[in-house]
Structure formats: structure tokens, C-alpha cells
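The values are calculated or read from the model by the stated rules, or taken from the named source; none is laboratory data. What you are looking at is a predicted structure, and each value in this text was computed from that prediction instead of being measured. Neighbour counts are summed over all protein chains in view; Cβ atoms, including those assigned to glycine, are modelled from backbone coordinates with ideal geometry. Protein only, heavy atoms only, side chains kept; ligands, DNA and RNA dropped before computing areas. Shrake-Rupley method; radii C 1.70, N 1.55, O 1.52, S 1.80 Å.
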Amino acid sequence: NPDELVILYLSHYQSVSPEDAAALLTDLGVATILDCSDLTGLTIGIAKAMSALEFGGHLLAVSDCMDEQYDPDVVCSNCAYDCTADPSGTSEPYRNFYEYMKTNSVFPSVE
């Protein structure tokens, strides 16, 4: 949809610096925000204006400006277990993962 604003979240850089990634994206015509403080006061209108693509649509790359709510104590899989393959949902790793997701995710209400 050419009217939608798409946010490209950049994180976990390994073989390239955030600045090099931003330079590449800029060369491709993608607006990039590296300084999270630049998001303060940014409206949808301003974001769309700065992220308009020459072929239509809007793409804005944002680097490491999100609270991922990462908790290293919550694991869904390890060498001996994969909670996504637990159809019963009764194992402790599955329950821990489920409770974490329930606490940190927004579930739509079903009416």
C-alpha cells in the first residue's frame, strides 16, 4: 500500500557498523535514523515526508530504538528441547515461554 509507512528495524549488527548500514540504505534512497532522540516529536506526517520512496510508498529504517524486552532466562529451545514442538504445552520451558509472551505481548480481545 503506497500510503503505509513501513518501519525497518535495524539491530544486532555483526559484519557492518550502524553507520555503514545507514550509508548503504541512504544510497538506496531509504531514510535512516541512528540517533533515537531523533524520534522525539516525530509525527507520522514528518516520518512519511522524510521516508517517501521514489517509486512510491514510505520506508524508514530505525537503528536500535526499540525495547525488545529480551530476557535471557526465558528460553523456548535448547539442545534437548524445542517448545514449539510441544503439542501438549505442559512442559516447564513451554509454560515459562508462554507466561513471558502473555506478560510482554498485546493480545487482541476476542468478542
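A few remarks follow.
- Residue in the stretch 86-96 that is farther than 30 Å from Glu4 by Cα, basic (Lys, Arg) and either at pLDDT below 90 or in a loop (DSSP other than H, G, I, E, B) (or both) present: yes
- Scope the stretch 1-31; condition without any contact (Cβ under 8 Å) to a residue 24 or more places away in the chain, small (Gly, Ala, Ser) and either closer than 20 Å to Asp67 by Cβ or open to solvent by 80 Å² or more (accessible area, probe 1.4 Å) (or both); matching residues: Ser15
- Only one of the numbered conditions (1) in contact with a strand residue (DSSP E or B) (Cβ under 6 Å, 6 or more places away or on another chain); (2) in contact (Cβ under 8 Å) with a residue 40 or more places away in the chain is not met by Leu34, and that is (2).
- Candidates are the residues of the stretch 59-81 that are modelled with pLDDT of 70 or more and not in a loop (DSSP other than H, G, I, E, B); the one that is most open to solvent (accessible area, probe 1.4 Å) is Leu59.
- Of all the listed residues (Gly45, Gly56), the sole one being open to solvent by less than 90 Å² (accessible area, probe 1.4 Å), in a loop (DSSP other than H, G, I, E, B) and either at pLDDT 85 or above or over 30 Å from Asn1 (Cα atoms) (or both) is Gly56.
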